Structures are given as C-alpha cells and as structure tokens.
Amino acid sequence: MKIKEFLGMLVLDSNANEVGKIVDAEFDKETGKLTKIGISLRKNILSSSVIEVDFDDIKSIGDYVLLNIDIDKEAIIKEKEAKEEVAEEEAEEEAAKEEAEEAEEKEEAVEITVE
C-alpha cells in the first residue's frame, strides 16, 4: 500500500465506531516500519483534534483501519478542549501581569523625572 492511499483512510475502534481519519504516520528511521499513526478526530467542519495511536494497536488494514482498542472520541475532545481553555487562561493571566509590570515601570520612570 502506498502512503498516499493510507493517509485519509477511515479508522474504526474495536467496537466498529468511527474514530476519524489518518492524517499522519510515523516510521522507524532504521527499519522503515510504521510505529504510530495520527488520527484526526473531527469536532465540526472548522476544528479537529489529533491523537496518536501505536502501530501495535492496529488490528487490521483493509478498506479501513481497524483498531484493537476502544477510543472514547467525545471524552478525548472534551479533555483537549479543557486543556486548551486552561492554556488560554494562563496566557491571558501572564499578559495581564506583564501589562501591570510595564505600567508600574512607566509610573516609576515618571516619578523619577518629576523629582
């Protein structure tokens, strides 16, 4: 099978639930064997999350890729969204802290020039 045929293939979990499509593949540099696949978990038209699955978790490859593990797609998406929210909040807090420090430095500079 050629890699361009492999990428984009539909992935099903062990219960035959649709997981997503293959968007990436990782190979061992020395042996050339497939070690991991990246699966896109579509949330909607505009966004998706990607998970990595080890080659050992692939049961078969045919018209689709069948995994020998269960994947709770909704739980993974919710977990990634929660992590993204926390990262955004931390970035906003850091930006606010930097702005406050800059404002404080400007006030100190004004006080020095006034004296």
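Here, each number is a calculation from the coordinates, and none is a lab measurement. Here the structure is a predicted model, which is why all the values come from computation and not from measurement. Cβ placement follows ideal geometry from the backbone for every residue including glycine, while neighbour counts extend to all protein chains displayed.
Tabulated data
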item: Choice from Glu85, Glu104, Glu94 showing the highest fluctuation, given a GNM over the chain with Cα pairs closer than 10 Å; result: Glu104
item: Using alpha-carbon coordinates, inclination of helix 73-114 to the longest axis of the chain, degrees; result: 20
item: Of Ala25, Ala87, Ala96, the one that fluctuates the most in a GNM where the chain has Cα springs shorter than 10 Å; result: Ala96
item: Computed label-point distance, nm, for sites Met9 and Lys80 using a 7 Å Cα→Cβ extension; result: 2.0
item: Pairwise FRET efficiency - Ala103 versus Ile69, Cβ, R0 = 41 Å, nearest 0.05; result: 0.20
item: Antiparallel bridge percentage (DSSP; both residues within the range 1-71; nearest 5); result: 90
item: For semi-axes √(5λ) of the Cα gyration tensor in Å, calculated from these coordinates, the label among [x] 48, 17, 11; [y] 34, 18, 14; [z] 79, 21, 7; result: [x]
item: Percentage relative contact order, the chain, counting C-alpha pairs under 8 Å, at least six apart; result: 19
item: Assigned charges on the beta-carbon of Lys, Arg, Asp, Glu; the chain dipole about Cα centre (debye); result: 1800
item: Contour excess over end-to-end distance, with Cα ends at Glu88 and Phe27 and 0.36 nm allotted per residue; result: 18.7 nm
